[in-house]
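Asker: Take a look at the following structure, please.
The values are calculated or read from the model by the stated rules, or taken from the named source; none is laboratory data. Note that the coordinates shown come from a computational prediction; the quantities given were computed from them, not determined experimentally. Note that we place each Cβ from the backbone using ideal geometry, even for glycine, and neighbour counts take in every protein chain shown.
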Amino acid sequence: MLSLQPANGLFLLLLTSRISQFPKSHQKAKQVLGKFPKKKSLFGRTLKVANLLFLTISLFYSGCVFQARRPTPTPNKSPTIQKVEQEKETDAGDFLLEYGTSQKPELFEYEKYLRENKTLEKAVDRLNRSLILPQNVLIKIKECGEANSFYDSSQKQVTLCFEMIQYFEELFRQADSSKTTESYTESEESRKKAFDAMKFVFLHEISHALIDVYQLPITGNEEDAADRLSSIICLEKLGEEGVQSILAIADAFKIEAKRKPFKTRNLADEHLMQEQRAFVSLCMIYGSDPNKYSYIAKKYLPADRTQSCLSEYEKILRSWSGLLEKWQKD
Ligand SMILES: [Zn+2]
């Protein structure tokens, strides 16, 4: 699931070419030292030595946390990867599209738009022309009764809800435009941005489907991996249209984050915090081409994060390219 409140949370591919808390350990060391007796007993000296050692370790640890982790990227460098040829898998399936009719007039508007523009048909066709699938994956868009989107592994089905588009449109319309990533307050703009954000959601769910049907090894957080693959597809295959999708979803995350007080958040949730998801997405845009997207770094990213965006993007791009190589059609 994409996890966008109130509930959780087009196109491919292929990849043939491409918040901070002072470490408590330091403070804790000071507090512990203050508790020891000041008299110079052997016991006391022993404790002081132990504390000094602890403090030294703590400071060393803090130093590791604060030191610059990666070199500043060369300004004119762009991400590149080396393609490794792999034997292709057998194509035994397709992405299939199915519409569920919406009953509510306000939702029918979205269905009508998608049907008339054949947005999903084009996306599915592009997916099928690009990817080898071991089995069919159904993409169903329908009225769900809630704003959601998800992938069901047991059914091999991606479900997109019309309510999710409606949710995005209302979110952008209600937001204070001066505090968001882009300024959209007019209804037409809100609707356009809602479809842009939904495009990212679509790719996020497709990413879950690919991880499942290809049985891809994901050693980290799958939700984060799906977000990052969605961003890579947007950036590598959809150009400016893809950038607009990432900016729209980053904006949605930021608006949601402002609406939901931190103490009400579910820290056990498998998704990253909305703020983190926004920063990761924006870092991906900047890392894909630091020169072209320097304005993203200046406007939205802390300076210390921008230093790692290029190498971060290269690693993610290289990893996904390697994982998907044998599933790509020539
Ligand atoms: Zn998800």
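Asker: Taking segment 80-98, which residues are surrounded by 13 or more Cβ atoms within 10 Å (Cβ to Cβ) and modelled with pLDDT of 85 or more?
Answerer: Selection gives Lys88, Glu89, Asp91, Gly93, Asp94, Phe95, Leu96, Leu97.
Asker: Now a separate question. Of the residues that sit in segment 141-153 and are more than 16 Å from the ligand (Cβ to nearest atom) and surrounded by fewer than 21 Cβ atoms within 10 Å (Cβ to Cβ), which one is nearest to Ala123 (Cα to Cα)? Even if it seems obvious, please write down each step before you answer.
Answerer: Step one: of segment 141-153, the residues more than 16 Å from the ligand (Cβ to nearest atom) are 141-143, 145.
Cutting the leftovers down to surrounded by fewer than 21 Cβ atoms within 10 Å (Cβ to Cβ) gives us 142-143, 145.
Details: Lys142: 17, Glu143: 20, Gly145: 25 Å.
Looking at residues that are more than 16 Å from the ligand (Cβ to nearest atom) and surrounded by fewer than 21 Cβ atoms within 10 Å (Cβ to Cβ), I get Lys142.
Asker: Let me ask something additional. Checking the conditions here, which among Leu324, Leu301 is farther than 30 Å from Ser130 by Cβ and among the aliphatic types (A, V, I, L, M)? Talk me through it step by step, then tell me what you get.
Answerer: Working: Leu324 fails: farther than 30 Å from Ser130 by Cβ.
Exactly one of Leu324, Leu301 is farther than 30 Å from Ser130 by Cβ and among the aliphatic types (A, V, I, L, M), namely Leu301.
Asker: Counting only residues that are part of a strand (DSSP E or B) and surrounded by 23 or more Cβ atoms within 10 Å (Cβ to Cβ), which one in segment 159-169 is farthest from the chain's Cα centre (by Cα)? Spell out how you get there, then give the answer.
Answerer: Let us first name the residues in segment 159-169 that are part of a strand (DSSP E or B), namely 159-161.
From what's left, surrounded by 23 or more Cβ atoms within 10 Å (Cβ to Cβ): 160-161.
On the way: Leu160: 18, Cys161: 19 Å.
Out of the qualifying residues, it is Cys161.
Asker: Search segment 93-112 for residues that are charged (D, E, K, R) and pair each with any residue that is assigned to a loop (DSSP other than H, G, I, E, B) and at pLDDT below 95 when their beta-carbon atoms are under 6 Å apart and the residues are at least 6 apart or on different chains.
Answerer: Pairs found: Glu111/Ser102.
Asker: Being within 11 Å of the ligand (Cβ to nearest atom) and over 19 Å from Ser281 (Cα atoms) is the filter here; which residues of segment 209-228 pass it? Step through it out loud before you land on a result.
Answerer: Of all residues in segment 209-228, those within 11 Å of the ligand (Cβ to nearest atom) come to 209, 211, 221-227.
Passing the criteria: Ala209, Ile211.
Asker: Here's something else I'd like to know. Go through (1) in a loop (DSSP other than H, G, I, E, B); (2) away from the ligand (no atom under 16 Å from the Cβ) for Leu235 and report which single condition fails.
Answerer: Unmet for Leu235, out of (1) in a loop (DSSP other than H, G, I, E, B); (2) away from the ligand (no atom under 16 Å from the Cβ): (1).
Asker: Taking segment 191-219, which residues are in a loop (DSSP other than H, G, I, E, B) and either modelled with pLDDT under 95 or not hydroxyl-bearing (Ser, Thr, Tyr) (or both)? Give the derivation first.
Answerer: Within segment 191-219, the subset in a loop (DSSP other than H, G, I, E, B) is 214-219.
Residues satisfying the conditions are Gln215, Leu216, Pro217, Ile218, Thr219.
Asker: Among the residues in segment 172-187, are any assigned to a helix (DSSP H, G or I), more than 16 Å from the ligand (Cβ to nearest atom), hydrophobic (A, V, I, L, M, F, W, C) and modelled with pLDDT under 95?
Answerer: Narrowing segment 172-187 to residues assigned to a helix (DSSP H, G or I): 172-174, 177-179, 187.
So of that shortlist, the ones also more than 16 Å from the ligand (Cβ to nearest atom) come out as 172-174, 177-179, 187.
Remaining after also requiring hydrophobic (A, V, I, L, M, F, W, C): 172.
In the following step, the residues that additionally are modelled with pLDDT under 95 were identified as 172.
For segment 172-187, residues assigned to a helix (DSSP H, G or I), more than 16 Å from the ligand (Cβ to nearest atom), hydrophobic (A, V, I, L, M, F, W, C) and modelled with pLDDT under 95: present.
Asker: Given (1) over 21 Å from Glu312 (Cα atoms); (2) within 16 Å of the ligand (Cβ to nearest atom); (3) of a type in the set (S, T, N, Q), where does Thr264 come up short, assuming only one miss?
Answerer: Among (1) over 21 Å from Glu312 (Cα atoms); (2) within 16 Å of the ligand (Cβ to nearest atom); (3) of a type in the set (S, T, N, Q), the lone unmet condition for Thr264 is (2).
Asker: Let me ask another. Starting from segment 241-268, take each residue that is farther than 24 Å from Lys299 by Cβ and list its partners that are modelled with pLDDT of 95 or more, counting only C-beta distances under 6 angstrom and pairs at least six apart or across chains.
Answerer: Final answer for the pair search is none.
Asker: How many residues, within segment 290-306, are farther than 13 Å from Val280 by Cα and buried (at least 18 other Cβ atoms within 10 Å of the Cβ)? Break it down stepwise before answering.
Answerer: Filtering segment 290-306 down to residues farther than 13 Å from Val280 by Cα leaves 290-295, 298-299, 303-304.
Now restrict to residues that are buried (at least 18 other Cβ atoms within 10 Å of the Cβ): 290, 293.
Residues meeting the conditions: 2.
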